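The values are calculated or read from the model by the stated rules, or taken from the named source; none is laboratory data. Not measured: the values here are computed from a predicted model. A quick note on method: Cβ atoms are made from the backbone with ideal geometry, for glycine too, and the neighbour counts reach across all protein chains shown. What goes into the accessible areas is simple: the full protein's heavy atoms, side chains included, and nothing from ligands, DNA or RNA. Shrake-Rupley method; radii C 1.70, N 1.55, O 1.52, S 1.80 Å.
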Amino acid sequence: METRAFTPPAGFVDLLLDAVCVVDAEGRFLFVSAACERIFGYRPEEMVGTLMIDMVAPEDRERTLDAARKIMAGDCKPNFENCYLRKDGSRVHILWSARWSQPNQVRIAVAHDITERKRAEALQAALYAISEAVHTAGDLCSLYPQIHCIINNLLPAPGFTIALFDATHEHLDFPYHVPGLDDASAASAAAHHALCEHVSRTGQPLLLKRASPAGLPDSLRDAAEQVAPCWLGLPLASGNGVIGALVVMEMSDSPCYTERDQELLQFVSTQIATAIERKRLHSQLRHMAQHDALTGLPNRMLLLDRLDTALARARRDIHGFSLLYVDLDKFKPINDLHGHETGDKLLQEVARRISHCVRDSDTVARLGGDEFVVLLDRACLMGDAEVVAEKISAELCSAICVRDLQLFITPSIGIAVYPEHGDTPQQLLRYADDAMYQMKKSQRTH
C-alpha cells in the first residue's frame, strides 16, 4: 500500500495542548501557538515581539539565560524546568523541550504545563518537612524558622508571621515575625496586628491584593491600606479550635497571591497548627518533668543536668563555680501551726526572693520540702559565693507577709566551690549540705 505524505492544515499547531514557541537570537518571541494563552494568560499577539526572559520568574532568570546560551551553542534541552509569571501574576511551572535551528537562527521550544504536578510535589514535601520539624526542633522558638523555610518553598514568603492566641491573657502573642518589607513603621505594625486579630477571631482566611480591601469591615479598611500590597492570612485551626493566625506577605513589585495560593496554604496551615500544639504539649510535659509544681523552680533532675553542664564547661575553660545549699529554719512550726496553704505560699515567696538575689545565668532549684540549691555559674571564689549567701540571708530574714500574717524564718546556707570541694555533682551537693548542717547546728547553740 502506498504511503501518502500528510501536510498539516493551517492552524494545526494551535490544536496542541502544549504551547509551541519560536524565539530569535535576542530572546524575543517570533511565534507562539494558541495554547500559550491557556498556559501563560497572554494572547499570542501580546507575546510576539516581547522578551522571553521578562516573563520568567525572577528567581529562575539567571539559570534560564544560561540554558538558552547552551541551546544556541547546540546543546539540546529536552527536560528543562523553570517558572514563569502569568498575566494575572500567578506562577506557572513549565517543562521545556527546546533546540536551536541554525539555518533559521531561532530557538524552537515546546512548553508543557506541570504546575499541578509541582504543586502536589511541593505540598507532599511540605507536609513531610513539617512532621520532621516537630521532631528535630528543640523547642517552639526553633520550630518557627523551620516552618517559615517550609512555607517559603511552597510560595514566596519574604514577610512571615505566626501569631498565637494567649487564652490566659486574652490577646495575641507574636512569637515569630519577619517583616520582609521596607515599611516597618508603627502604623503598619499596628495594622498588621489588627488584621491578624481579625483572622484569628473570625477563623476565616483573608487575602488582600493591591487596592482591594473589599469585604472588610469599615474599621479594618484603613488597616488594609497600611500593610503589604499582597497580604494573605490563614487561621491556625486545630482540633481545639483556632489557636492563632499564619500570615505571608510580598513586596509591591512581586506577583500577588492568588486564591489557589490561599487554598494551598489553608491546607498546610492546619498541619502547622497541629505541629505547634504537639510541640506546645511536649514543652509543657518536659517543663512539668523538670520543674517543681509549687514554685516553678527547676527540680533535682534539671539541677543535676545543669550541674553536669557547668562541670563540663568549667573543666574546658578552667574556671570554678559555686553551690549554695539553703535550708529554712522555723519552717516546720509555721507549716504545722498555720496549715499547708500558708506553708506553700511561704515557699513560693522564698523562691521568688532567692531568685531575685542571683543572675539570670544562675540556677535556683527546689529539692523538696524547704530545701533549695543555688548554682552560681562562674562564681569561682568562696568570697563570691559568700556575698550572694549574705544577700539571700538578708532577704529571707526580713518579714514575709502571707494571708495577713507576718512570718519570720532564718536560712542556713552551706557553700561548696568547684574544684576545691569536689569534682562531681554528688560530691559538691554533699559538701554544701554538710556545710549547711554545720551552720544550722551552730545557730542552734547561740
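Points worth noting:
- The lone exception for Ala111 - which of (1) open to solvent by 20 Å² or more (accessible area, probe 1.4 Å); (2) closer than 27 Å to Met55 by Cβ it fails: (1)
- Residue match in segment 328-339 (condition: modelled with pLDDT under 95 and in a strand (DSSP E or B)): yes
- Qualifying position, being under 44 Å from the mean Cα position of the chain (by Cα), farther than 24 Å from Pro156 by Cα and either among the charged types (D, E, K, R) or modelled with pLDDT under 95 (or both), among Pro78, Pro103, Pro58: Pro78
- Filter pass, Leu381 being within 20 Å of Asp360 (Cα to Cα), in contact (Cβ under 8 Å) with a residue 60 or more places away in the chain, under 43 Å from the mean Cα position of the chain (by Cα) and open to solvent by less than 20 Å² (accessible area, probe 1.4 Å): no
- Taking (1) over 16 Å from Arg378 (Cα atoms); (2) surrounded by 16 or more Cβ atoms within 10 Å (Cβ to Cβ) in turn, Gly339 satisfies each apart from (2).
- Here Leu143 clears all of (1) open to solvent by 20 Å² or more (accessible area, probe 1.4 Å); (2) in contact with a Lys or Arg (Cβ under 9 Å, 6 or more places away or on another chain) except the condition numbered (1).
- The set of residues in segment 133-149 being more than 24 Å from Ala189 (Cα to Cα) and touching a helix residue (DSSP H, G or I) at 6+ places or on another chain (Cβ under 7 Å) consists of Ala133, Val134, Ala137, Asp139.
- Segment 228-254, residues that are open to solvent by less than 20 Å² (accessible area, probe 1.4 Å) and outside any strand (DSSP E or B): Ala228
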